[in-house]
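Quick note: the coordinates plus some simple rules give every number you see, no bench work behind them. Predicted model, so just to flag it, every value in this text is computed and none were measured. Neighbour counts are summed over all protein chains in view; Cβ atoms, including those assigned to glycine, are modelled from backbone coordinates with ideal geometry.
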Amino acid sequence: MQPIKVVLTTEGTYPYYTGGVSTWAHILLNEIKDIEFNIIAIMMHPFVSIKFDLPINVTKLINIPLWGTEEPVEYMSELPFHKIFLKKFETEQNENAIDEFLGYLEGITMSIYEENPDFEKIGDIIFGFHNYFLRYDYSTVFKSKKVWDFFYKLMMELNKKKGLELSIYDIVESLRWIYRFFISLLSPIPKADIYHSSAAAFCGLPCVIAKKKFGSKFLLTEHGVYVREQFIFVSRSRFPFLSKMFIMGLIKLISRINYYFADQVSPVCAYNKRWEIKFGNTREEKIKVIYNGIDTDKFKKLDVERDRRFTVVSIARIDPLKDIETFIRVCAEVKKDIPDVLCKLYGPPTSQDYFRKCKELVKELGVKKNFIFAGSTSTPERAMNEGDLFVLTSISEAFPFVVIEAMACERVVVSSDVGGVREVLEGYGFLVKPKDYKAFAEKIVYLYKNRDVLAEMSLAARERVLRGFRIRDMVRNYRINYYKLARDGF
């Protein structure tokens with residue numbers, strides 16, 4: 001087979017942040033050695049450090065910081081710095097430059113408010129937007145008075161039709177979001193056979209451009225359901241109502257664009273298919289589930305130093321989506337039957353406010369001697385082996401690595417019934433409703449009192465993982481699909 005080239009696009013994950021998606025990406029790049037990869041990484045700001053050693057088959061890394069830059073293109077443009085400012089000067093001198101841009105801005109903005117937008121037209125707008133800013137300076141155009149006046153009038157008219165009255169703040173925030181998130185369209189587009197997006201998000205937009213520019217194939221991997229998780233985040237924010245409507249409309253539009261233009265959508269679990277079909281209007285025949293896989297030589301039963309107490313371990317970010325508060329309530333409930341139970345949480349806080357809230361709850365429920373915030377770990381396999389069983393209390397997941405990793409370590413998992421967890425865990429662990437801390441506690445106490453059941457289920461859990469959830473299974477599936485998509489494009 002002729003070697004192929006793949007561009008992997010990421011957003012807030014690999015190679016600058018740890019987590020399940022980053023683990024997946026690192027495995028993929030390291031294991032498929034006969035394919036040359038480029039990476040386009042969308043990051044929050046340019047001042048983060050790489051968390052992974054890139055393999056030798058990654059020949060290029062393009063960084064796209066959305067925030068924290070003086071000039072949006074300075075960290076990604078292949079132009080010398082003096083030419084960036086020359087471009088700015090030429091944009092300022094061209095009186096007609098802004099007029100062309102207004103058509104792109106209008107098309108994107110109106111699509112946000114449409115229930116059934118024309119995605120082919122939007123694809124052309126995105127491609128035009130990209131090409132336009134190869135000629136003109138991004139910051140100069142967006143900050144011009146003509147753009148503001150046009151956007152203000154357009155937003156007022158669109159919302160007046162709906163009987164809504166926007167504030168100046170709403171309009172400023174809306175334009176600022178377009179300005180920041182569409183920096184992803186400024187990325188250089190290296191030619192490749194396949195563009196592979198790790199989410200139905202803004203990192204998928206370079207894939208749409210590549211499809212328009214080169215005819216490249218577009219593979220979309222869905223880990224979590226991006227739009228659902230972003231809606232949860234936005235709903236909890238303190239933005240005014242109409243600002244929330246705009247940003248949620250923008251997120252919804254971008255996700256649906258990804259689904260529309262992807263040649264193949266590969267969720268990491270069958271659970272995601274219902275979202276992709278119903279929300280994304282995706283044809284079922286272009287959806288191919290590819291499950292995550294883990295290193296079962298690394299994740300296995302280990303003899304580690306551990307506490308003598310009956311121990312329940314969880315590995316999760318201290319984040320509202322992981323619902324650490326429920327884990328704390330589980331600990332307090334289990335303590336009623338097992339007074340010296342130990343609950344250990346490994347994982348970093350993503351919000352200091354939420355972390356503070358969790359620590360206050362530990363104090364309030366009287367479990368300071370039973371619940372430990374153990375911090376981040378670089379050896380999750382050892383952390384899992386410190387427990388008698390493993391718990392995941394998330395309110396939203398796709399197909400979390402930690403579940404199959406814990407099962408491979410011969411740890412029975414008690415998890416909230418979210419995402420695709422049921423697809424691997426049913427019959428080999430316990431599923432409970434999210435936030436039902438009493439049901440979590442009931443299962444934990446049952447396993448504590450029935451050690452023979454615990455031992456039997458522990459062995460069965462690892463056997464389940466060995467049948468289809470190893471690295472070689474995942475890598476083989478991606479490699480086959482890469483070459484199939486590339487062949488279809490030749």
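Order the peptides 125-133, 473-481, 36-44, 111-119 from the highest to the lowest mean number of other Cβ atoms within 10 Å of their residues. Please list the in-between numbers first.
On the way: 125-133: 19.1, 473-481: 17.0, 36-44: 21.4, 111-119: 13.9.
The densest-packed peptide leads the list: 36-44, 125-133, 473-481, 111-119.
Backbone geometry of the range 132-142 corresponds, through the Karplus equation with coefficients 6.51, -1.76 and 1.60 at θ = phi - 60°, to 3J(HN,Hα) couplings of 4, 7, 6, 9, 10, 7, 4, 5, 4, 5, 5 Hz, x marking Gly and Pro. Each peptide in 154-163, 21-30, 258-267 was scored by the mean count of other Cβ atoms within 10 Å over its residues; highest first, the order is 258-267, 21-30, 154-163. Once both labels are positioned 7 Å from their Cα atoms along Cα-to-Cβ, the gap between ASP124 and ARG472 label points is 5.0 nm. Taking Cα atoms, how many degrees apart are the long axis of helix 352-364 and the longest axis of the chain, rounded to 10 and kept between 0 and 90? Taking the Cα atoms of the chain, the angle to 352-364 is about 20 degrees. From the alpha carbon centroid of the range 327-382 to that of the range 256-294 is 35 Å. Can you pull a Stokes-Einstein diffusion coefficient for the range 376-423 at 25 °C (0.890 mPa s), Rh from Kirkwood over Cα pairs, as a whole number of µm²/s? Roughly 223 µm²/s, to the nearest whole number.
Helix-only mean residue ellipticity at 222 nm, the chain, DSSP H runs n ≥ 4 weighted -39,500 (n - 2.57), per residue, nearest 500. What is it? Don't skip to the answer; put the middle values down first.
On the way: 19 runs with 234 residues, N = 490.
One gets -15000 deg cm²/dmol as the mean residue ellipticity at 222 nm.
Only alpha carbons enter this Debye calculation for the range 1-63, each as an equal point scatterer, and the log10 of I(q)/I(0) it gives at q = 0.12, 0.13, 0.26 Å⁻¹ is -0.27, -0.32, -1.17. In this structure the amide hydrogen of THR9, modeled in the peptide plane, comes within under 5 Å of the amide hydrogens of ILE40, HIS196, SER197, SER198, none closer than 5 places in sequence on its chain.
How many percent of the alpha carbon pairs in the range 364-470 exceed a separation of 21 Å? The partial results should precede the final answer.
Details: 1964 of 5671 pairs.
Pairs farther apart than 21 Å: 35 percent.
Applying 1/(1 + (r/R0)^6) with R0 = 30 Å to the Cβ-Cβ distance of THR311 and ILE50, what FRET efficiency is obtained, to the nearest 0.05?
Numbers: r = 34 Å, r/R0 = 1.12.
After rounding to 0.05, the efficiency reads 0.35.
Peptides 238-246, 316-324 ranked from most to least packed by the mean count of surrounding Cβ atoms within 10 Å: 316-324, 238-246. Taking the square roots of 5 times each eigenvalue of the Cα gyration tensor of the chain, largest first, gives ellipsoid semi-axes of 43, 27, 20 Å.
When the chain is fully extended, how far beyond the present Cα-Cα distance does ASP436 get from LEU154, taking 0.36 nm per residue of separation?
Numbers: separation 282, 0.36 × 282 = 101.52 nm, distance 4.62 nm.
Length gained, ASP436 through LEU154: 96.9 nm.
One decimal place: the segment ILE168-LEU134 gains 9.2 nm when fully extended, by the rule 0.36 nm per residue minus the C-alpha distance. Looking at the range 441-490, the pairs of alpha carbons with a distance over 16 Å make up 62% of the total.
Could you work out how much longer the chain between ASN57 and LYS5 gets when fully extended? Use 0.36 nm per residue separation minus the Cα distance between them, nm to one decimal. Spell out each step's value before the answer.
Details: separation 52, 0.36 × 52 = 18.72 nm, distance 1.00 nm.
Stretched out fully, the ASN57 to LYS5 stretch lengthens by 17.7 nm.
With pairing defined as another cysteine C-beta under 4.7 Å, the cysteines of the chain that fail it are CYS203, CYS207, CYS269, CYS358, CYS409.
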